C-alpha cells in the first residue's frame, strides 16, 4: 500500500484487516470458542513459518509481502521500530505481547458472569 489515510486504498486496507480480527472475535464471542496459550503459541509459530516461506518468494518475485525485505514506503509505524531487519525482531515481541494480551482479555472477560434480566 503506497497511499495514506484518507485515501480509498488505505481505508480499504485497514477495513479488510479489521474484518479479519472481527471474524476471530465473532467466533470467540458468539460460538464461545476456547482460546488457550497453545493456540497463541501455534499462531506465532505459524506466522513465523509463513514468513519463512514468503521470504524466498519475495526475493524471487522482487516483492515485499509481509514487509520482510524492507519497510513500506512513506512514513509508517514501522519507522518507530528501527532499521531493517531489526524491526522484524521488534515485531516478534509486539506479536507476543499482542497475542498474550488478547488471550488474557478473553480469559478475563469469560470469567465474568453474564447477568440476564
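The numbers here are math on the coordinates, done by the rules we state, and not lab data. Please read these numbers as outputs of a predicted model, since none were measured by experiment. Cβ atoms come from the backbone with ideal geometry, glycine included; neighbour counts cover every protein chain shown.
Label-point separation (nm) for residue 66 and residue 110, each offset 7 Å from Cα along Cα-to-Cβ?
The answer from the label model is 2.7 nm.
Mind running the shape call on region 12-76? Use the C-alpha gyration tensor, a ≥ b ≥ c as the square roots of the eigenvalues: rounded below 1.5 for a/c, prolate if a/b tops b/c, oblate otherwise.
oblate
Report, in degrees rounded to the nearest 10, the 0 to 90 angle that the Cα long axis of helix 8-29 makes with the longest principal axis of the chain.
Taking Cα atoms only, the helix is inclined about 30 degrees.
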